[in-house]
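Reviewing the structure listed below.
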Amino acid sequence: MQVNELYRLWCEKAMEDPALTEELASVKGNEKEIEDRFYQALEFGTGGLRGIIGAGTNRMNIYTVRHASIGIAAYLKKETAAPSIVIAYDARINSEKFAKEAARTYAAHGVKTYLFPVLMPTPVLSFAVRTLGCDAGVVITASHNPAEYNGYKAYGSDGCQITNLAADTILAEIRRVEMFDDTEKTPFTELLAAKMIEYVDDSLLQDFLTEVQKQSVYPNMGGTSGLKFVYSPLNGTGNIPVRAILERNGYSPIIVPEQELPDGNFPTCRYPNPEEKDALTLALKLASEQNADLLIATDPDCDRLGAAVKKEDDTFQILSGNEVGFLLLNYLLEAKGQSLPKDGLSVKTVVTSDIVFAIAKKYGIGVIEVLTGFKYIGEVIGTLEKKGETHRYVFGFEESCGYLAGTHARDKDAVVASMLFIEMAAYYKSKGASVLDILEALYKEFGYYTTRLVSITLKGKEGAEKIAAIMQAFRANPPKEIGGAAITCMADYQGEVDLPKSVNKQNGITLPSSNVLVFETDELVKVIVRPSGTEPKIKIYYSATAPSAEAGNKKIDAAALEFEKHFK
């Protein structure tokens, strides 16, 4: 159906939400605005849906939520006789509305539905799927995107985000039904009374926190450490569970008041992303005023953790996602000591720092490398579980501030990461060292693994076309050198591939197709290019190993000159 036909159809049929009706009327005659809302349907993939809130097929609204839910319901009913699903939501605009509409749709289509009565972090949803024995899960969130976005993450019975095969099958089911043809309109209240919708009991969160606490190596250190730190939930879902787990272990965080309570408008920062300095501005200010040792922050759905640590000059150094990750890995390996499994494993993504291999080798554990996306780390845990070997899993992380210790969740978990980061800082403080002292010691021992991420935003239809053209150009005419050094290895993960890491092959891990290109030189420089799976961006990951941070940054600067000319 053409864009203008779709627009007219929506003007006629989309009458349930007055805000959408008003928006459709406001763009009448504006071809560019109409095209942006209708030139495509939000793409349903392994990450579910994500987009700007508003009217149209290319927006997040009750109709796109309903449409996706119908498709997943049909898929589940073909997979099992009596399917069930659990739904959570965060603090974003319309999250509760979308969650209730999804719950109503599933229940009306014969899927027993459990709904959290209050906003809840993504890792708790992952935990809930397996704890409740559900066939699927959904969390309404757009993670760390700006306030105008919302999304719909879909999970399988294993607590991981859905596989490529499941996403393709669900997409086929979605396409079988026209957007406004659903006749199952039973009200939410009737389905609740009939117990086709049930609210999740408060005890589930307590069970989750108990499992998180089991990952603590030194659970009683908080009361004696004297560690002083600031915490910001960035107006999201972390406020209650993160504070609860820290207080269980004897820590008393100083909370950023402006970012304490849930607020989907995120009034204090454009991007509520703990990777961004702007999101940490208020926490940094408060930490300085309070003479704190460090600060931590979690994103709106509490699956990412950011951190900054005080330096000797009393300013604060923001740690990268890679640095937080390999510091936590090193801490767990050091602190567990003799209790480490002899065949232990850590898991990293292809864009995560290769220092992981050096740290793991020191402590005698293996490394499995997977594609970008935490579901692949979750799938490794699932593979180990089928073999009765979950004890081997020690830690997994990705450079974009996602971490998981333990197997209670199958997605990144900022609750357990917050607990462990604070515990790590307290542990080293008890030994007369700071987190930054340990970071510097690791770099001196293994070399400076310098990294840099450049994200280029290209919005709308033209942006999507340009991103596709850039990736095609790299494949058709790849660069011959990086910073003056010849490229000696290029990997294209567009086809079915095995990573060239022997430990992956030993553990039977293979990788699905992914739109990722990797370029490497013998000078220990690596560049990875891939489109974002959740945002209108193309990402370039640079890494270099050198005797100093300055030398590493020089290598990356030279690489950037070569690569970024392709994006102009």
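Nothing in this text is a laboratory measurement; each read-out follows from the coordinates by a stated rule. All values derive from a computational prediction rather than experimental measurement. FYI the Cβ positions are ideal-geometry reconstructions off the backbone, even for glycines, and counts take in every protein chain you see.
At a glance:
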read-out: Pairwise Cα inverse-distance average, inverted: Kirkwood Rh of region 270-394 (Å); value: 16.3 Å
read-out: Amide H contacts of residue 535 (H built 1.01 Å from N, under 5 Å, at least 5 apart or other chain); value: none
read-out: Relative contact order (percent, whole number), region 84-174, Cα cutoff 8 Å, 6+ residue spacing; value: 31 percent
read-out: Gain in span if fully extended, residue 199 to residue 481, counting 0.36 nm per residue against the direct Cα distance; value: 95.8 nm
read-out: Label-to-label distance, nm, for residues given as residue 513 and residue 9 (7 Å Cα→Cβ offset); value: 2.7 nm
read-out: For region 346-426: rounded, prolate or oblate by the Cα gyration tensor [a/c cutoff 1.5]; value: rounded
read-out: Over the chain, relative contact order from alpha-carbon pairs under 8 Å, at least 6 apart, %; value: 11 percent
read-out: Binned Cα-Cα distance frequencies in region 84-201 - 5 Å width, integer %; value: 2, 12, 21, 23, 23, 15, 5, 0
read-out: Alpha carbon convex hull of the chain, volume per residue in cubic angstrom; value: 151 Å³
read-out: Residue order, fewest to most beta carbons within 10 Å, for 271, 493; value: 271, 493
read-out: Cα-centre dipole for region 137-195 with unit charges at Cβ (Lys and Arg positive, Asp and Glu negative), debye to 20; value: 160 debye
read-out: Prolate/oblate/rounded label for region 3-201 (Cα gyration tensor, a/c 1.5); value: prolate
read-out: Antiparallel DSSP beta bridges within the chain, percent to nearest 5; value: 65 percent
read-out: Geometric extent, Cα atoms of region 448-567 - Rg, Dmax (angstrom); value: 15.0, 44
read-out: Additional length obtainable on full extension of the chain from residue 473 to residue 454, 0.36 nm per residue less Cα span; value: 5.0 nm
read-out: Computed lengthening from residue 431 to residue 244, 0.36 nm per intervening residue step minus Cα-Cα distance; value: 64.7 nm
read-out: Degrees separating the helix 95-108 axis from the principal Cα axis of the chain, which is the longest one; value: 60 degrees
read-out: Cβ-Cβ FRET estimate between residue 314 and residue 361, R0 fixed at 45 Å, reported to 0.05; value: 0.80
read-out: Residue-averaged [θ]222 nm for the chain, counting only DSSP H segments that reach four residues, each worth -39500 (n - 2.57); value: -12000 deg cm²/dmol
read-out: Order of 209, 561, 305 - criterion: other Cβ atoms within 10 Å of each residue's Cβ, fewest first; value: 561, 209, 305
read-out: Gyration tensor verdict on region 236-294 (Cα atoms; rounded if a/c is under 1.5, prolate if a/b is larger than b/c, oblate otherwise); value: oblate
read-out: Given charges at Cβ of Lys, Arg, Asp, Glu: the chain dipole, positive-most of 435, 390, 533; value: 390
read-out: Residues of type lysines that residue 361 reaches as a straight line, Cα spacing below 23 Å, ignoring anything fewer than 8 places off in the same chain; value: 336, 342, 348, 444, 501, 505, 526
read-out: Protection proxy ranking of 515-528, 398-411 - average other beta-carbon atoms within 10 Å, highest first; value: 398-411, 515-528
read-out: Test item: Cα-centred dipole of the chain, Lys/Arg +1 and Asp/Glu -1 on Cβ, debye; value: 760 debye
